[in-house]
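Take a look at the structure below.
The values are calculated or read from the model by the stated rules, or taken from the named source; none is laboratory data. These figures come from a predicted structure and were not determined experimentally. Backbone-built Cβ (ideal geometry, glycine too); neighbour counts: all protein chains shown.
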Amino acid sequence: MTSVLSITDLHVSVGETPILQGVHLDITSGEIHALMGPNGSGKSTLAYALAGHPLYQITGGQATLDGDDLLAMDANERARRGVFLAFQYPVTIPGVKVADFLRHAVSNIRNPERKEGEGLIPMREFRKELRDQMDELGLDPEFARRYLNDGFSGGEKKRMEILQLAMLKPRFALLDETDSGLDSDAVRVVSEGLSRLAGPETGVLIITHHERLLEFNQPHFTHVMLAGRIVETGDAALAHDLHANGYATVRERHPEVAALEETQDAQPTQATS
Ligand SMILES: Nc1ncnc2c1ncn2[C@@H]1O[C@H](COP(=O)(O)OP(=O)(O)OP(=O)(O)O)[C@@H](O)[C@H]1O
Ligand SMILES: [Mg+2]
């Protein structure tokens, strides 16, 4: 079934500060989109707002999932409907083991009507699937017994995000710099993992400053964000050009937005990243 995540004129503020100022973006299953843009342009803000992070207030516009109001759903419901966000800074959950977390998450997604305490996917079936996926991602099986992200290195956290993706098989995967801080072997593992997942059933939004992830997962569309707006959309060649030449020419092509970028930077904001 074709699925569409549609974002129309989205405005998002953090506290009093407007960050996103009218974002339009449609992602259909089967498509890979790259979202690029300078630091602080609002890429993570878009991902957080779509995932339902409470700090990111929607002040205007819409986002729909197959016509249903995504923004009216709580974060759990969004996840159950297949919207998955891999964080730029994955959270640590001491006390919750990777295997338990994944078994619950997978059960919730596959059986959305499930009540707490019942309907978990059978242990034997789950274990096998988990072992196979960890094997593919080159993750030591020992990780399944560790607390989620607790004491994981940067690269291990990112592989854990891809493991979640592989287990949950979401309809829409929003990957916020899943490649940052990875050594080159790990980028390859993560890239290949992602390309196995990005089939006709899945829509992918890759937020990245690097080219490696996109080499394996050629974007059908590349979007450039500047000062909280998507100012240009192109194909894979645009991503390549931005990597090679930076954002100076984008700013030259959009002087009026680039000017806003400076005024926004002058405001006192506190970065999460
Ligand atoms: N939780 C927050 N509190 C205060 N300001 C925030 C918060 N989240 C985002 N901002 C501000 O919003 C702007 C956009 O930040 P965002 O993290 O979305 O940028 P980004 O495009 O993801 O940048 P990067 O490439 O560095 O990850 C920045 O000015 C940032 O300081
Ligand atoms: Mg970011």
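Looking across segment 104-125 at every residue that is part of a helix (DSSP H, G or I), without any contact (Cβ under 8 Å) to a residue 24 or more places away in the chain and of a type outside the set (Ser, Thr, Tyr), the one that is surrounded by the most Cβ atoms within 10 Å (Cβ to Cβ) is identified as His104.
Among residues of segment 29-47 that are touching a residue at least 60 places away in the same chain (Cβ under 8 Å) and in a loop (DSSP other than H, G, I, E, B), those with a beta-carbon under 6 Å from a residue that is more than 9 Å from ligand 2 (Cβ to nearest atom) and of a type in the set (D, E, K, R) at least six positions away or on a different chain give the pairs Ser29/Glu201. Applying the criterion of at least 2 residues that are within 16 Å of ligand 1 (Cβ to nearest atom), over 25 Å from Asp66 (Cβ atoms) and at pLDDT 90 or above to the strands (runs of 3 or more DSSP E) found wholly in segment 188-273 leaves 221-226, 229-234. Residue check: Leu194 meets all listed conditions (1) within 16 Å of ligand 2 (Cβ to nearest atom); (2) buried (at least 22 other Cβ atoms within 10 Å of the Cβ) but one, namely (1).
Scanning segment 158-174 for residues that are closer than 15 Å to Ser191 by Cα and either part of a helix (DSSP H, G or I) or at pLDDT below 90 (or both) returns Lys158, Arg159, Met160, Glu161, Ile162, Leu163, Gln164, Leu165, Ala166. Would you point out the residue of segment 132-150, among those that are assigned to a loop (DSSP other than H, G, I, E, B) and touching a residue at least 40 places away in the same chain (Cβ under 8 Å), that is nearest to ligand 2 (Cβ to nearest atom)? Going through the qualifying residues, I end up with Asn149. Pairing each residue of segment 51-62 that is in contact (Cβ under 8 Å) with a residue 40 or more places away in the chain with any residue that is among the basic types (Lys, Arg), provided the two are 6+ apart or on different chains, yields C-beta distances under 9 Å for Ala51/Arg78. Each residue in segment 56-97 was checked for being part of a loop (DSSP other than H, G, I, E, B) and loosely packed, with under 15 Cβ neighbours inside 10 Å, and 5 of them qualify.
In segment 48-64, the qualifying residues are those that are at pLDDT below 95 and of a type in the set (A, V, I, L, M, F, W, C), and the one that is farthest from His24 (Cα to Cα) is Leu55.
Contact annotation: residue pairs with Cβ atoms under 9 Å, 6 or more positions apart or on different chains, pairing a residue in segment 224-247 that is among the acidic types (Asp, Glu) with a partner that is more than 14 Å from ligand 1 (Cβ to nearest atom) and assigned to a helix (DSSP H, G or I), are Glu232/Leu238; Glu232/Arg253; Asp241/Thr249. Here the condition is being over 20 Å from Leu194 (Cα atoms) and within 16 Å of ligand 2 (Cβ to nearest atom); of Gly61, Gly52, Gly67, Gly40, it holds for Gly40 alone. Counting the residues of segment 97-138 that are within 20 Å of the chain's Cα centre (by Cα) and of a type in the set (S, T, N, Q) gives 2.
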